[in-house]
Amino acid sequence: MDKILRINMSGANGPELKTESLGAYAGLGGRAMTSTVVAQEVPPTCHALSAENKLVIAPGLLSGSAAAMSGRISVGCKSPLTGGIKEANSGGQPSQLLARLGYAAIILEGCPKDDTLYKVIINKDGVSIDKADDLKMLGNYDTVEKLRGTYGDKFGCISIGQAGEMKLGAATVAFTDMEGLPTRHAGRGGVGAVMGAKGIKAIIIDDAGTKMREPKDPEKFKAANKAFVAGLRQHPVTGQGLPAYGTNVLTNVINEAGGYPTFNFKQGQFDGAAKISGEALAEMENSRGGDGSATHGCHRGCVIRCSGTFYDKNGRFVTKQPEYETVWAHGGNCGIDDLDAIAELDRLDDDFGLDTIEMGATIAVAMDAGLAQFGDATAAIRLIKEVGQGTPLGRILGSGAAVTGRVFGVERVPVVKGQSMPAYDPRAVQGIGVTYATSTMGADHTAGYAVTANVLGVGGSVDPLKPQGQVELSRNLQIATTAIDATGMCLFIAFAILDQPETFQALIDLINGFTGLDMTGDDVSDLGKKILTQERTFNARAGLTAAHDRLPDYFKNEPLTPHKVTFGVTDEELDQVFNF
Amino acid sequence: MEPAATLDLRLPAETAARFTPLFSAGVGIATRTGIPLVKLLCDQLGIDEKYLDQRVQTIFVNARAVDDVTRLTVDDGDVIALSAAMPGLVGATLRKGGVLASFRAAISYSSGGGQGGGAGFTVVTLKLFNLVARELAAAILRGGIWIKGGRLAAFLEQTTPPPDDTMSVRWNGKPVQSDRWTALPWPEGWVELRVETLTV
Ligand code: SF4
């Protein structure tokens with residue numbers, strides 16, 4: 001990956017394409033690339049939908065190589081939802097394809113002069129851009145289908161649905177999967193709205209005639225990759241639990257812990273949890289059968305394969321296997337215990353290009369506002385369809401939970417920095433509340449996802465029994481996660497790394513074998529710190545202060561059943577998270 | 001205390017496996033209060049100690065995450081849930097004795113367990129999730145679980161019995177035609193259900 005593609009949509013004679021060398025961005029990938037470009041080139045106070053904002057799409061450092069799990073892609077910009085910096089990442093094929101074509105990043109900048117829509121075509125011969133008004137207001141599925149008529153079925157596609165075109169705060173950027181379907185999304189923070197503001201509907205990527213990226217030290221790389229894969233296969237989470245049940249395996253367990261936000265965060269347990277659990281989903285998928293039903297990867301090179309394929313009872317494809325967060329957002333959080341309805345909502349979200357977490361949280365807020373009854377799946381489907389149709393109500397809902405709560409006068413709106421909380425109640429698991437509150441990304445469950453202090457040796461050792469341990473751990477986890485996001489590795493590798501020091505070493509060896517560097521665990525954590533620091537600095541300049549690093553008050557005042565707990569981490573403690 | 005009725009099933013593996021989801025919502029286990037929880041799990045239910053230590057990474061008692069299972073005793077009406085290691089930050093946080101335990105201090109099991117008192121009869125609820133359910137359900141079903149008559153009737157309604165010559169049903173010790181397993185005189189109270197898997 002030795003070049004960057006810049007597409008300036010403000011060119012005097014229409015969009016201008018420029019391919020340039022990496023310059024100061026050499027050696028960066030994934031989140032390290034997107035956040036560095038945004039921090040360097042985007043004025044923090046600009047409007048997120050203005051010409052000054054940029055949308056950066058960057059494959060991970062090891063994408064396009066033979067390294068297992070390396071196909072995640074990052075999308076960064078100033079977020080229309082949080083007002084701060086944003087990195088959202090996704091699976092799918094485009095990361096590998098772009099990396100093989102040599103692009104370390106695509107940077108979309110400027111704004112078109114009118115409402116013409118464009119598509120970008122990238123292949124080994126270069127880049128072109130064409131008008132694409134025939135794709136206007138098509139969903140992601142129809143967009144990809146229509147493009148297939150022109151470009152065949154071998155390309156990977158990055159696209160937006162109707163939500164992105166309408167520049168809604170919950171809009172995603174979609175990435176096609178191994179089957180060429182737009183099922184994988186950079187979901188959070190409204191990144192799709194920024195792509196819509198640039199007037200780009202789709203980026204078509206064809207890597208025909210390219211080769212896999214070669215490591216600098218093939219022997220070391222090969223040996224490390226083998227050890228890394230063996231480590232993932234032997235670990236019970238990555239080798240058995242995730243392949244068998246997917247991430248939805250969490251439903252029963254989080255529900256049992258009393259931390260499963262139910263009825264718009266009113267209680268911590270949902271009576272219908274077992275019906276929508278990973279166990280129930282896997283059984284349904286296995287009994288219905290079909291290709292890739294209960295175990296499937298989101299991109300080539302994934303050896304964990306936490307995903308799957310959801311077919312209806314007649315065997316027709318509906319969507320990819322809904323993830324835990326989706327099943328929770330559209331399920332328990334809305335009082336819905338019907339997996340078929342949840343899968344349909346997931347399909348609609350993917351088609352319109354909507355973040356499933358944001359939309360589930362929004363529908364629950366709408367239910368609290370009286371727009372529908374909790375548990376009414378038909379009403380939830382109708383509300384999501386309003387978003388796709390662009391009705392006034394749909395545009396409000398598609399702008400996310402914070403806007404919906406404001407419009408309908410609802411106090412219980414579970415957001416931080418304008419972004420909805422995911423599927424864990426921060427009153428039950430308070431450490432994750434620290435991460436929700438202080439993450440540079442708004443409420444985000446992946447922000448502190450990865451490896452512990454003990455593995456990376458970040459910030460010294462932590463006594464787990466001291467209350468301040470939560471703050472220190474949240475800090476360390478955020479640093480480590482940020483570093484992994486830069487590699488383009490799926491964060492699920494974290495479990496094997498957490499428990500098996502030799503697998504962590506294999507990861508470091510893999511990076512070193514590929515890049516020819518001699519990084520240590522400390523270097524990885526320094527990288528994480530550096531990225532986080534520039535994200536924090538961007539946010540501070542954008543006007544986000546300590547007052548934004550807080551959970552909504554009701555988490556401190558309303559006890560959560562069954563444990564009757566409130567969020568007890570003090571503001572002073574929260575302000576210590578970024579003391580490094 | 002005795003159950004109101006007993007149901008003994010001998011089933012082909014495929015049908016027997018369909019009983020595993022009962023453990024998601026929990027099944028009754030007849031035991032005695034005051035005994036160590038490990039004794040219930042390992043001695044009474046036959047879970048291998050090494051399996052409990054290594055495979056079962058997430059344990060809840062009455063919805064509270066447990067760090068040291070050896071310190072607990074059985075209390076009247078306890079709800080005990082066992083799971084394999086879970087993904088995600090929160091999954092890792094809920095693991096027993098992990099470095100992330102402080103993240104969920106508010107919902108951890110803090111005392112030394114039930115105060116015990118005397119050794120009386122009780123029916124505790126046992127929940128098994130994910131791989132642990134898949135791996136332990138058959139043995140525990142063979143030993144017997146307690147389940148309310150209405151719930152068992154509703155469950156069997158949804159389960160097609162295999163052909164008569166591949167299974168056997170005994171109600172209160174007496175043989176019954178397999179196609180009548182939904183038409184039994186279900187009591188309101190507990191039924192002791194034993195399921196034996198037939199190997200072909
Ligand atoms: S583990 Fe799951 S999310 Fe990660 S790369 Fe594989 S399929 Fe995608």
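The values are calculated or read from the model by the stated rules, or taken from the named source; none is laboratory data. Quick caveat, the model's predicted, so the values are computed rather than measured. When we count neighbours, we look across all protein chains shown, and the Cβ atoms used for this are built from the backbone with ideal geometry, even at glycine. Just the protein is used for accessible areas: all its heavy atoms, side chains included, with ligands, DNA and RNA removed. Shrake-Rupley method; radii C 1.70, N 1.55, O 1.52, S 1.80 Å.
Taking every residue in region A:279-307 that is within 14 Å of chain B (Cβ to nearest Cβ) and pairing it with any residue that is more than 16 Å from the ligand (Cβ to nearest atom) and open to solvent by 50 Å² or more (accessible area, probe 1.4 Å), at least 6 positions away or on another chain, the pairs with Cβ-Cβ distances below 6 Å are A:ALA294/A:ASN286.
Residue-by-condition table, conditions (1) within 11 Å of chain B (Cβ to nearest Cβ); (2) without any contact (Cβ under 8 Å) to a residue 60 or more places away in the chain; (3) within 14 Å of A:GLY268 (Cβ to Cβ):
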{"site": "A:ARG395", "(1), (2), (3)": "no, no, no"}
{"site": "A:GLY398", "(1), (2), (3)": "no, no, no"}
{"site": "A:ALA401", "(1), (2), (3)": "no, yes, no"}
{"site": "A:GLY409", "(1), (2), (3)": "no, yes, no"}
{"site": "A:TYR424", "(1), (2), (3)": "yes, no, yes"}
{"site": "A:VAL434", "(1), (2), (3)": "yes, no, no"}
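When the residues of region A:88-120 are filtered to those that are within 16 Å of the ligand (Cβ to nearest atom) and of a type outside the set (A, V, I, L, M), the one that is modelled with the lowest pLDDT is A:ASN89. Set side by side, the residues A:VAL410, A:VAL387 differ, and just one is hydrophobic (A, V, I, L, M, F, W, C), assigned to a helix (DSSP H, G or I) and either within 28 Å of A:THR545 (Cβ to Cβ) or in the same structural domain as A:GLY331 (by TED's automatic domain parsing) (or both), which is A:VAL387. Among the residues of region A:282-332 satisfying the criterion of being among the acidic types (Asp, Glu) and in a loop (DSSP other than H, G, I, E, B), which is nearest to the ligand (Cβ to nearest atom)? That would be A:GLU323.
Restricting attention to region B:17-37, which residues are more than 14 Å from the chain's Cα centre (by Cα) and away from every other protein chain (no Cβ under 14 Å)? Scanning region B:17-37 gives B:ARG32, B:THR33, B:GLY34, B:ILE35, B:PRO36. Within the span defined as region A:196-203, one or more residues are closer than 22 Å to A:LYS146 by Cα and either within 16 Å of the ligand (Cβ to nearest atom) or in a loop (DSSP other than H, G, I, E, B) (or both). If the condition is being surrounded by fewer than 22 Cβ atoms within 10 Å (Cβ to Cβ) and touching a helix residue (DSSP H, G or I) at 6+ places or on another chain (Cβ under 9 Å), then region A:251-268 contributes A:PHE263, A:LYS266.
Going by the structure shown, is A:GLY258 within 11 Å of chain B (Cβ to nearest Cβ), without any contact (Cβ under 8 Å) to a residue 12 or more places away in the chain and touching a Pro at 6+ places or on another chain (Cβ under 8 Å)? Can you show your working first?
Numbers: within 11 Å of chain B (Cβ to nearest Cβ): yes; without any contact (Cβ under 8 Å) to a residue 12 or more places away in the chain: no; touching a Pro at 6+ places or on another chain (Cβ under 8 Å): yes.
No, not satisfied.
With respect to A:LEU517, determine if the residue is more than 11 Å from chain B (Cβ to nearest Cβ), at pLDDT 80 or above and either under 20 Å from the mean Cα position of the chain (by Cα) or open to solvent by 10 Å² or more (accessible area, probe 1.4 Å) (or both). Against the criterion (more than 11 Å from chain B (Cβ to nearest Cβ), at pLDDT 80 or above and either under 20 Å from the mean Cα position of the chain (by Cα) or open to solvent by 10 Å² or more (accessible area, probe 1.4 Å) (or both)), A:LEU517 qualifies.
Kindly check whether there is at least one residue in region A:167-180 that is assigned to a helix (DSSP H, G or I) and open to solvent by less than 10 Å² (accessible area, probe 1.4 Å).
Filtering region A:167-180 down to residues assigned to a helix (DSSP H, G or I) leaves none.
Scanning region A:167-180 turns up no residue that is assigned to a helix (DSSP H, G or I) and open to solvent by less than 10 Å² (accessible area, probe 1.4 Å).
When you look at A:LYS119, is it more than 20 Å from the chain's Cα centre (by Cα) and in a strand (DSSP E or B), yes or no? Yes; evaluated as a whole, the condition is true for this residue. With the structure loaded, tell me whether B:THR125 is at pLDDT 95 or above, within 14 Å of chain A (Cβ to nearest Cβ) and open to solvent by 30 Å² or more (accessible area, probe 1.4 Å) or whether it fails that test. For B:THR125, the condition - at pLDDT 95 or above, within 14 Å of chain A (Cβ to nearest Cβ) and open to solvent by 30 Å² or more (accessible area, probe 1.4 Å) - is met.
Away from every other protein chain (no Cβ under 14 Å), within 15 Å of the ligand (Cβ to nearest atom) and either open to solvent by 10 Å² or more (accessible area, probe 1.4 Å) or polar (S, T, N, Q) (or both): is that true of A:ASN123 in this structure? Please lay out each step first, then the result.
Details: away from every other protein chain (no Cβ under 14 Å): yes; within 15 Å of the ligand (Cβ to nearest atom): no; either open to solvent by 10 Å² or more (accessible area, probe 1.4 Å) or polar (S, T, N, Q) (or both): yes.
No.
Take the residues of region A:223-241 that are part of a helix (DSSP H, G or I) and more than 14 Å from A:MET69 (Cα to Cα): which is most open to solvent (accessible area, probe 1.4 Å)?
Taking region A:223-241 as the starting set, the residues that turn out to be part of a helix (DSSP H, G or I) are A:223-234, A:236-241.
Now restrict to residues that are more than 14 Å from A:MET69 (Cα to Cα): A:223, A:234, A:236-237, A:240-241.
On the way: A:ALA223: 62, A:GLN234: 114, A:PRO236: 44, A:VAL237: 1, A:GLN240: 76, A:GLY241: 9 Å².
The residue in question is A:GLN234.
Scanning region B:177-200 for residues that are buried (at least 17 other Cβ atoms within 10 Å of the Cβ) and over 13 Å from B:LEU9 (Cβ atoms) turns up B:TRP186, B:TRP190. For region A:128-150, which residues satisfy the criterion of being out of contact with any helix residue (DSSP H, G or I) (no Cβ under 6 Å at 6 or more places or on another chain) and either buried (at least 18 other Cβ atoms within 10 Å of the Cβ) or part of a loop (DSSP other than H, G, I, E, B) (or both)? Hits for region A:128-150 are A:ILE129, A:ALA132, A:LYS136, A:LEU138, A:VAL144, A:LEU147.
For B:ARG55, the conditions (1) under 17 Å from the mean Cα position of the chain (by Cα); (2) open to solvent by 10 Å² or more (accessible area, probe 1.4 Å); (3) more than 9 Å from chain A (Cβ to nearest Cβ) are fulfilled apart from (3). Name every residue in region A:327-351 that is hydrophobic (A, V, I, L, M, F, W, C) and over 21 Å from the mean Cα position of the chain (by Cα), in order of residue number. Result: A:CYS334, A:ILE336, A:LEU339, A:ALA341. All conditions but one from (1) away from the ligand (no atom under 16 Å from the Cβ); (2) more than 30 Å from A:TYR554 (Cβ to Cβ); (3) modelled with pLDDT under 95 apply to A:ALA257; the one that does not is (2). A single member of A:ALA58, A:ALA32, A:ALA51 is hydrophobic (A, V, I, L, M, F, W, C) and at pLDDT below 95, and it is A:ALA32. Within region B:69-79, the set of residues being surrounded by fewer than 24 Cβ atoms within 10 Å (Cβ to Cβ) and on the phi < 0 side of the Ramachandran plot comprises B:VAL69, B:THR70, B:ARG71, B:LEU72, B:THR73, B:ASP75, B:ASP76, B:ASP78, B:VAL79.
Restricted to region A:479-580, the set of helices (runs of 4 or more DSSP H) holding at least 3 residues that are away from the ligand (no atom under 16 Å from the Cβ) comprises A:501-515, A:521-541, A:554-557, A:571-574.
Within region A:240-254, the set of residues being within 13 Å of the ligand (Cβ to nearest atom), within 21 Å of the chain's Cα centre (by Cα) and not aromatic (Phe, Trp, Tyr) comprises A:LEU242, A:PRO243, A:GLY246, A:THR247, A:ASN248, A:VAL249.
When A:GLU279 is tested against (1) more than 16 Å from the ligand (Cβ to nearest atom); (2) crowded, with 17+ Cβ neighbours inside 10 Å; (3) part of a loop (DSSP other than H, G, I, E, B), only condition (3) is not met. Among the conditions (1) open to solvent by 10 Å² or more (accessible area, probe 1.4 Å); (2) at pLDDT 65 or above; (3) part of a helix (DSSP H, G or I); (4) not hydrophobic (A, V, I, L, M, F, W, C), A:GLY433 misses just one, which is (1).
The criterion of at least 3 residues that are among the hydrophobic types (A, V, I, L, M, F, W, C) is met by the following strands (runs of 3 or more DSSP E) wholly inside region B:124-185: B:145-148.
Kindly provide the set of residues from region B:7-27 that are closer than 24 Å to B:VAL176 by Cα and among the small types (Gly, Ala, Ser), ordered by number. Within region B:7-27, B:ALA13, B:ALA16, B:ALA17 meet the criteria.
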